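Worksheet: the structure to be examined is printed underneath.
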Amino acid sequence: MKKITIAVDGYSAGGKSTMAKDLAKEIGYVYIDSGAMYRAVTLYCLQHGLLKNEKIDEEGLKAALANNAVRITFHANAATGCPDTFLNETNVENAIRGMEVADHASAVAALGFVRHAMVAAQQAMGREKGVVMDGRDIGTVVFPDAELKIFVTASPEVRARRRFNELTAKGIAASYEEVLTNVRKRDHVDSTREESPLRQAADALILDNSELSPAEQKEWLLARVREAVVR
Ligand code: CDP
C-alpha cells in the first residue's frame with residue numbers, strides 16, 4: 001500500500017502524542033515526537049547552565065548546536081513498543097517530561113535557530129514517508145505536502161486534566177492548577193511567537209477530542225487514513 005506522511009498538530013497536552021503513537025503502531029508507521037526534540041534541547045540548556053533566571057544563553061546554545069553537541073535520536077523501547085528520546089546517547093525519555101522542562105520548552109522552541117535545526121532534522125527523518133509526526137508546525141512548515149493533516153483541539157481544562165492524570169500515573173509531582181497554568185502559558189507562547197506559530201494548516205482536518213473516547217478517536221483516524229491513502 002502507498003506510504004503517506006501524516007502530520008498531527010495542536011495545542012499542548014491535547015493527546016496528540018498518545019494518538020499519533022497509537023496510530024503509527026496500528027498502521028506500521030514510524031512515530032516521531034517533534035516536541036520531544038524541543039524538550040531535549042531544553043533539558044540540554046538546563047543541564048549546561050544555558051538557562052538561568054528565565055534567560056536563555058542564545059550564543060551558548062547556538063554554538064552547542066553548531067558543534068553537534070546536542071545530538072537527539074530516537075530508539076525503539078521493546079517494552080513500550082514506542083520510541084524513547086535520547087540526548088547525546090543517554091535515554092532522557094522520563095527526564096524531558098517533568099514540569100521544569102515543560103515550563104521552559106516553549107521559550108526554547110520560539111528561537112529561530114533552534115527551530116531551523118530541528119525542522120531540518122525532522123524533514124530528514126520523514127524523507128522515506130510512512131511517518132506520523134506530531135507537533136505544532138508539522139502540517140504548516142515541516143511537511144507542508146503531507147497527504148494527511150490533523151489539527152487536534154480540546155479545551156484547556158480538559159487538556160490540563162489529562163496531562164495531570166498522565167503525570168500522576170508516572171509518579172511525576174505536579175498540581176492540577178500548575179499544569180493548567182502551564183498549558184495556558186504554552187498555548188499563548190506557541191500561538192503568538194514569530195517563528196512558525198501554532199496555527200491550523202488550511203488543508204488540515206480538525207479533530208476536537210474533548211468528548212471522544214480513545215476508541216472513537218481511533219476509528220475516526222483510521223477512516224481518514226484510509227481515505228488519504230487511496231486519494
Ligand atoms: O506534549 P505537549 O503538548 O506537552 O508538548 P510537546 O509536544 O512535548 O512540546 C513541547 C514544547 O515544544 C511545546 O510547548 C512547544 O512550545 C514546542 N514545540 C514546537 O514549538 N514545535 C513542535 N513541532 C513541537 C513542539
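Of the residues making up the range 152-192, just one is away from the ligand (no atom under 13 Å from the Cβ), under 21 Å from Tyr38 (Cα atoms) and either touching a strand residue (DSSP E or B) at 6+ places or on another chain (Cβ under 7 Å) or among the polar types (S, T, N, Q) (or both), namely Thr181. Determine, yes or no, whether Ala110 is crowded, with 23+ Cβ neighbours inside 10 Å and within 14 Å of the ligand (Cβ to nearest atom). Considered against the rule, which asks whether it is crowded, with 23+ Cβ neighbours inside 10 Å and within 14 Å of the ligand (Cβ to nearest atom), Ala110 comes out as no. Residues in the range 27-41 that are touching a helix residue (DSSP H, G or I) at 6+ places or on another chain (Cβ under 7 Å) and either among the hydrophobic types (A, V, I, L, M, F, W, C) or more than 9 Å from the ligand (Cβ to nearest atom) (or both): Ile27, Val30, Tyr31, Ile32, Ala36, Met37, Ala40, Val41. Residues in the range 1-39 that are in a strand (DSSP E or B), crowded, with 18+ Cβ neighbours inside 10 Å and of a type in the set (Val, Ile, Thr): Thr5, Ile6, Val8, Ile32. The residue of the range 203-228 that is surrounded by the fewest Cβ atoms within 10 Å (Cβ to Cβ), among those that are modelled with pLDDT of 95 or more and part of a loop (DSSP other than H, G, I, E, B), is Asp203. Kindly evaluate Ile56 against the criterion of being within 16 Å of the ligand (Cβ to nearest atom), within 14 Å of the chain's Cα centre (by Cα) and not basic (Lys, Arg). No, not satisfied. For first residues located in the range 84-113 and over 17 Å from Ala173 (Cβ atoms) and outside any strand (DSSP E or B), partners that are within 11 Å of the ligand (Cβ to nearest atom) and of a type in the set (Asp, Glu) and lie 6+ apart or on another chain with Cβ distances below 6 Å form the pairs Ser106/Asp190; Gly112/Glu195.
Give the residue that is surrounded by the most Cβ atoms within 10 Å (Cβ to Cβ), with candidates limited to residues of the range 173-202 that are among the hydroxyl-bearing types (Ser, Thr, Tyr) and part of a loop (DSSP other than H, G, I, E, B). Filtering first and then ranking leaves Ser196.
Mind listing just one residue for me: the one in the range 40-65 that is in contact with an Asp or Glu (Cβ under 8 Å, 6 or more places away or on another chain) and outside any helix (DSSP H, G or I) and, of those, surrounded by the fewest Cβ atoms within 10 Å (Cβ to Cβ)?
The selected residue is Gly49.
Scanning the range 44-64 for residues that are touching a Phe, Trp or Tyr at 6+ places or on another chain (Cβ under 8 Å) and of a type in the set (Gly, Ala, Ser) yields a single hit, Ala64. Being among the polar types (S, T, N, Q), modelled with pLDDT under 95, on the phi < 0 side of the Ramachandran plot and part of a loop (DSSP other than H, G, I, E, B) is true of Thr80.
From the list Lys21, Lys25, Lys62, exactly one residue is touching a residue at least 40 places away in the same chain (Cβ under 8 Å) and under 16 Å from the mean Cα position of the chain (by Cα). Which is it? Just a single option satisfies the conditions, and that option is Lys21.
The values are calculated or read from the model by the stated rules, or taken from the named source; none is laboratory data. Since the model is a prediction, treat every value here as computed from it, not as a measurement. Cβ sites come from the backbone with ideal geometry, for glycine too, and all protein chains shown count toward neighbours.
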